[in-house]
Amino acid sequence: MTGVNGNGVGGRAGRQSRSKAVVHSTIAPSNNVSRSSGEEDEKDGGVLFYVNKSGFPIDERTWQRMWTHVAKIHPGGKEMEESIRNAACLSRPPVPLLPKYKQSMSVPEWLCTIQSYMKLLQYNHTGTQFFEIKKIRPLSWLMDTARDMTRESLPIKCLEAVILGIYLTNGLPVIERFPISFKTQFSGNYFHHVVLGVYYNGRFGTLGMSRREDLMDKPLTFRTLSDLFFEFEESYRKYLHTVKKVKIGLFVSHDPHSFQQIEWKRLVLNTSKMSREEVRKELEKHARDMRMKMVKISGSQSPVKERQRGKSLSPRRRQISPQRRFNQRDTSPAITERKPAELSTLNDVGYQIRI
């Protein structure tokens, strides 16, 4: 992956250039790109693509590099570039409104609203990723990047869509999110794609962005993780892609200020060397492990335990005189606060399963 650091230019110039970029992003890519359905993580069909590392407003050097690349890959070439950059007046691109969750919405409705918002941003065909995503960064840093996406309203690629999807679903802890990455082969080239897996009420689905409608979002209708994977595999097969490898991460924290990193590849399967039944078995085992881990976390923080801890502090016992309290064994809150260490020990032996 390549990119250039640089200082930002004036805000007005940056906004004008941004408008031109959004207009251009609606133009179809070259024949070579449209022929294949592979997506990118660091490579697009074996070819490195550019990443904007100058921030916003984008600096002049990054803009020039993007336009040069576009002129190379687009059928219109230099003429197309000049027709846009030298236009006296360009219509202002629409800026989609950030979706807002309503209490009356069901979870599937909210996920559809998020996906519709992503589609309004459009898929980025310019060959330059506008937002730099470093997977090793903590979640809090990635959420700041997601806020930039909502402010700039620029076209996005699949990796940016995963971060944006996490950001927009943070307010609903009943939804669990986890990354799903694919490596596919087509015509001798390898392609990379990533979507955001979602789990709610015993069903799996996805959010994401792609050039292909059936390689992005999937409804919350899949009973198992393996059923969801096989659906993607079948979609890839329509475009003559062979899924070589799949990587499944862990559930992502709902705390936007967390310094934890996203676990992108806890499970890695070389699906091209495995039978369908072996793939199903490994995926289902991973799905159970993810759910059990969430049960342990929620169990250790269960409000039921907080009520159990406070049972000894009944109103009658608090009214005991200071003299009697001195002669009895201390049951004050100070002693109660020293119990978390014991509770953590119980958690390790499976106490939370009984709750």
Q | Cα-projected label distance for GLU82 with ASP148, points at 7 Å along beta-carbon direction, nm | A | 3.4 nm
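Could you list, in their original order, any pairs among LYS245/LYS293; LYS218/LYS245; LYS218/LYS265; LYS100/LYS285; LYS102/LYS281 whose Cα atoms are separated by more than 29 Å? Spell out each step's value before the answer.
Details: LYS245/LYS293 25 Å; LYS218/LYS245 20 Å; LYS218/LYS265 20 Å; LYS100/LYS285 35 Å; LYS102/LYS281 38 Å.
Violating the 29 Å Cα-Cα cut-off are LYS100/LYS285; LYS102/LYS281.
Compare GLU81, GLU109 by solvent-accessible area with a 1.4 Å probe and give them largest first, with all protein chains kept in place.
Working: GLU81 10, GLU109 100 Å².
Largest accessible area first, the list is GLU109, GLU81.
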Q: Using a 1.4 angstrom probe on the protein heavy atoms only, line up THR206, THR150 by accessible area, largest first.
A: THR150, THR206
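Can you compute the charge dipole magnitude of segment 148-258 about its Cα centre, using +1 on each Lys and Arg Cβ and -1 on each Asp and Glu Cβ, nothing else charged? Give it in debye, rounded to the nearest 20. List each step's numbers first, then the result.
Values: 14 positive and 12 negative charges, 76 e Å.
Using Cβ point charges on Lys, Arg, Asp and Glu, segment 148-258 gives about 360 debye.
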Q.
Using only the alpha-carbon atoms of segment 117-183 as identical scatterers, what base-10 log of I(q)/I(0) does the Debye formula give at q = 0.14, 0.20, 0.23 Å⁻¹?
A. -0.41, -0.85, -1.11
(Q) If I take the Cα coordinates of segment 150-196 and project them onto the principal axes, what are the three extents in Å, biggest first? (A) 42, 28, 7
Q.
Quick check: Cα centre of segment 237-291 to Cα centre of segment 123-188, how many Å?
A. 17 Å
**Q.** Sites TYR190 and LYS100 - FRET efficiency at Förster radius 45 Å, r taken between beta-carbons, to 0.05
**A.** 0.70
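The values are calculated or read from the model by the stated rules, or taken from the named source; none is laboratory data. Predicted model only: the values in this text are computed from it and were never measured. Please note: Cβ atoms are built from the backbone with ideal geometry, for glycine as well, and neighbour counts cover all protein chains shown. For accessibility, only protein heavy atoms count, side chains too; no ligands or nucleic acids. Shrake-Rupley method; radii C 1.70, N 1.55, O 1.52, S 1.80 Å.
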